[in-house]
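Here's the structure we're looking at; comments come further down.
The values are calculated or read from the model by the stated rules, or taken from the named source; none is laboratory data. It should be emphasised that the depicted structure is a prediction, and the values quoted were computed from it without experimental measurement. Please note: Cβ atoms are built from the backbone with ideal geometry, for glycine as well, and neighbour counts cover all protein chains shown. Keep in mind that these areas ignore ligands, DNA and RNA; they rest on the heavy atoms of the full protein, side chains included. Shrake-Rupley method; radii C 1.70, N 1.55, O 1.52, S 1.80 Å.
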Amino acid sequence: DLNNAEWARNYILDLYNNKIISGYPDGSFKPNNLVAREEFVQMIGNAFDFQNAAEINFADVPADSYYYDNLKKALASGIILGIDDKNFGTGENLTRQDLAVIAYRILTHYGVESDNAAIDFTDSGDISDYATDAVSHLKAAGILNGDASNRFNPKEGATRAEIAKVVYMLKHYITERTNG
């Protein structure tokens, strides 16, 4: 079903072949499905090598969760936070602006710098203050962009295809700047 997001086919296949993402048991990928916060933690945990592990005290994260170990590492690395002190936000969709913030934290975790870029999306005013720097840096790095109407849609959920592109681009951006 990758023809539903042809623009992301190569990103998806690369991550699939490297066991970073997976499809569904029926053989589909469902590229336009929204991604829950825990699904994203699993993807970035598979994609990046976060060494340390933190204790998890979130009420909405069972110890037998498939993403538990990757969440411990992402928390210890400061890559991701809960939606509050007591809850991670399990089951909640990851917004595009939160995707930007987490992706930017991954860059800084690896000591990779990027320039700022003017945020000239037609809906730039909708980007929350906490996310503007991250969006600016990721736009400058070519990791994030807007849709065909030049909208960023910051509060919309991120799709599996969009996440695949961002994770793929992050991996390559980091590799180019740390191995170059």
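For residue 119, no residue has an amide H sitting under 5 Å from its own, ignoring neighbours fewer than 5 places away on the same chain, with H placed 1.01 Å from N. Counting protein heavy atoms only, the chain has 43 percent of its accessible area on carbon and sulfur, 1.4 angstrom probe.
Taking every alpha-carbon pair in the chain and binning the separations at 5 Å intervals from zero gives 1, 8, 17, 21, 21, 17, 10, 4, 0 percent. 3J(HN,Hα) along segment 98-111: 5, 4, 4, 5, 5, 4, 5, 4, 5, 4, 5, 4, 8, x Hz, from the Karplus curve 6.51 cos²θ - 1.76 cosθ + 1.60 with θ = phi - 60°, whole Hz, x for Gly and Pro. Here the spin labels are modelled as points 7 Å beyond Cα on the Cα-Cβ line, and at residue 60 and residue 10 they lie 3.7 nm apart. Applying 1/(1 + (r/R0)^6) with R0 = 41 Å to the Cβ-Cβ distance of residue 83 and residue 3 gives a FRET efficiency near 0.75. Would you mind getting me the FRET efficiency between residue 69 and residue 92? Use the beta-carbon distance for r and R0 = 30 Å, nearest 0.05. Plugging the Cβ-Cβ distance into 1/(1 + (r/R0)^6) gives 0.90. Where a Cα-Cα gap under 16 Å defines reach, which lysines qualify for residue 19, not counting those fewer than 8 residues away within the same chain? Result set, ordered by chain and number: 165, 171.
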